[in-house]
1. Could you size up the charge dipole of the chain around its Cα centre, putting +1 on the beta carbon of Lys and Arg and -1 on that of Asp and Glu, and report it in debye to the nearest 20?
2. Report the equivalent ellipsoid semi-axes for the chain in whole Å, largest first, defined as the square roots of five times the eigenvalues of the gyration tensor built from alpha carbon atoms.
3. With N denoting the number of residues in the range 13-180, provide Rg(C-alpha) divided by 2.2 N^0.38 Å, to two decimal places.
4. Given the DSSP H assignment, sum -39500 (n - 2.57) over each helix run of at least 4 residues in the chain and divide by its residue total; what's the result at 222 nm in deg cm²/dmol, nearest 500?
5. Quick check on the range 142-192: what does the Kirkwood estimate of hydrodynamic radius come out to from the alpha carbon pairs, in Å?
6. Taking the DSSP beta bridges in the range 13-180 as the whole, what percent of them are antiparallel, to the nearest 5?
7. Positive end of the dipole of the range 1-132, charges at C-beta (+1 Lys, Arg; -1 Asp, Glu), about the Cα centre: which of 57, 100, 19 has its Cα farthest in that direction?
8. Tell me, which longest segment in the chain has none of the chymotrypsin sites (Phe, Trp or Tyr not before Pro) that fall in DSSP loops with at most 16 further Cβ atoms within 10 Å?
Amino acid sequence: MSAALTAPQGAAHARILGVGGYRPSRVVTNAEICERIDSSDEWIRERSGIESRRWAAPDETVIDMSLAAAGKAIAQAGLQPEQVSAIIVATVTHPLQTPSAAAAVAHRLGATDAAAFDVSAACAGFCYGVAMANDMVRGGSAEHVVVIGCEKLSDFTDSYDRTTAFIFGDGAGAVVIGPSDEPGISATVWGSDGSQYDAITQRASWIDVRDHNVEFPTLTMQGQKVFRWAVWQMAPVAKRALEVAGITADDLDAFIPHQANMRIVDAMVKTLKLPEHVPVARDIRETGNTSAASIPLAMERMLEAGEVKSGGLALLIGFGAGLVYAAQVVRLP
Ligand code: UT7
């Protein structure tokens, strides 16, 4: 027989050790959005719950915003950048096909030799990253993993398209996931429905841009289709996440769903029969829909506002283009 391999040795459990967010300074009101589309502040508030969103500066990149959020999360975890063994950036708006945003973030952070890669799972990207980081820490391939959700959606949104112009915003949120004595991240319930591949998509491929002289490809969304899917299909996913975590809605200290639309959040709260005492993330009001960044940004805000305490249990659920989804229960840092 040939030589035996040494099996990887991971930690018994993993948990979130720190969280950090970055919100660009420019506040964009509904009134400003309505300068380019036939809409109104009232309609946008009523149909989406959004009052304002942030836009990054023209020269501010996904890498810059990721770096700011990751730096805060690493500091809160009490770590030095060189102790980070892997960096995952969940994003769909890093404008280079290759290399990844994560490799630049690792270098600029000083996370020397960290494994680094991007994940394309749209608004579910952060929860996909948490699932992978949890398995990496427990599987022994990394000790401390930084998971970043970051989007500069203003670069990929047509500001004259009334079906999308009001909904998206820019920002970044990050967590550090590392070893723990107790379970701090449940099994993830995740999946995809590629039959709805065209429900949210870039209008054209880069090949179309090259060969067919099409305009810069912004995002297009079949809003009602995605809305119905989110309302009817995502609550059962959230319920399954509670089941596999071995807890009930009553045990939760916070519900932090992807901030897609306030009406989707409200519908989920109702379907889940979430007890009144569980605080719900409603960061969309001032942040808009920031795709992969929305959950960690909302998490940071709830902790900072004292709506939930460190150590509390939060149900996370992300869902979006693909269509793809992921949900898990985490102990908050
Ligand atoms: O984050 C990734 C996942 N994304 C989501 O989960 C987003 C899911 N979808 C949504 O949040 C909603 O579909 C939107 C907020 C995008 C749109 O809200 P809606 O209630 O689904 O609007 P709708 O497309 O059904 O349009 C309702 C009406 C239509 O008029 P009629 O046909 O009833 O006369 C539209 O023409 O509102 C009209 N409309 C607008 N009116 C003012 C559509 N866009 C606008 C607008 N301003 N911007």
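1. 480 debye
2. Computed over the chain, the values are 30, 24, 19 Å.
3. For the range 13-180, the normalised Cα radius of gyration comes out at 1.11.
4. Calculated from helices alone, the mean residue ellipticity at 222 nm is -9500 deg cm²/dmol.
5. About 14.3 Å, per the Kirkwood formula over Cα pairs.
6. DSSP beta bridges in the range 13-180 are roughly 70 percent antiparallel.
7. So the residue furthest toward the plus end is 19.
8. Excluding the exposed sites themselves, the longest stretch runs over 1-159.
The values are calculated or read from the model by the stated rules, or taken from the named source; none is laboratory data. No experiment lies behind these values; they were computed from the predicted model shown. Here Cβ is always computed from backbone atoms with ideal geometry, including for glycine, and neighbour counts include all displayed protein chains. With ligands, DNA and RNA removed, areas are computed over all heavy atoms of the protein, side chains included. Shrake-Rupley method; radii C 1.70, N 1.55, O 1.52, S 1.80 Å.
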